[in-house]
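For reference, the structure discussed in these notes is given below.
Only the coordinates and a few stated rules stand behind these numbers; no lab work does. As the structure is a prediction and not an experimental result, all values here were calculated from the model. Virtual Cβ from ideal backbone geometry, glycine too; neighbours counted across all protein chains shown.
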Amino acid sequence: MENKTEILRTLKKLTTAEKADFSEAMNYFFDYIAENPPMFSDGELLKENTELYKTLLKPIAEYFGKEVEVSFLCLIKMNGADYFIHGTACLSNGAHVVLYFFRDINVGIAAASFFTSKKSDYFRLSAKIVTMPENASTYH
């Protein structure tokens, strides 16, 4: 079996490919991380910035309807690779989301589906972190 670094390097390459097949990247994630007990359990619950990740999933919720919201989110930060998180979310319409995200490049993939359907919708996740310059004024 490949080691953690090699698995994450391959997954990152699949995720960032210009003409990425999101299902290929997500299948790799399932095969090597989500359905691989030593890899899946090698982490700890992410407690910081969970609202940021809920916001990141908001377009997926809205894909299913303007009134749909992210109702539950559980993320795991991988030990020894804290730049990589993975987890699951539930939407208020009953959809289940499985996701992973590379925090070092702010890119990931999510798959959303309903338990009653064999179809999955895939989404690329991306974020741009904006920080205020040190000399900027703040207004309240």
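Listing for the model above:
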read-out	value
Size-normalised alpha-carbon gyration radius of region 4-126, reference 2.2 N^0.38 Å	1.00
Dipole magnitude (debye, nearest 20) for region 1-51, charges at Cβ of Lys, Arg, Asp, Glu	160
For peptides 21-33, 62-74, sequence by mean Cβ density within 10 Å, most packed first	21-33, 62-74
Relative contact order %, the chain, counting alpha carbon pairs below 8 Å whose residues are six or more apart	16
Student exercise, the chain dipole from Lys, Arg, Asp, Glu Cβ charges, in Debye to nearest 20	220
Subset of Lys13/Lys66; Lys4/Lys66; Lys19/Lys47; Lys66/Lys118; Lys54/Lys118; Lys47/Lys119 violating a 29 Å alpha-carbon distance limit	Lys13/Lys66; Lys4/Lys66; Lys19/Lys47; Lys47/Lys119
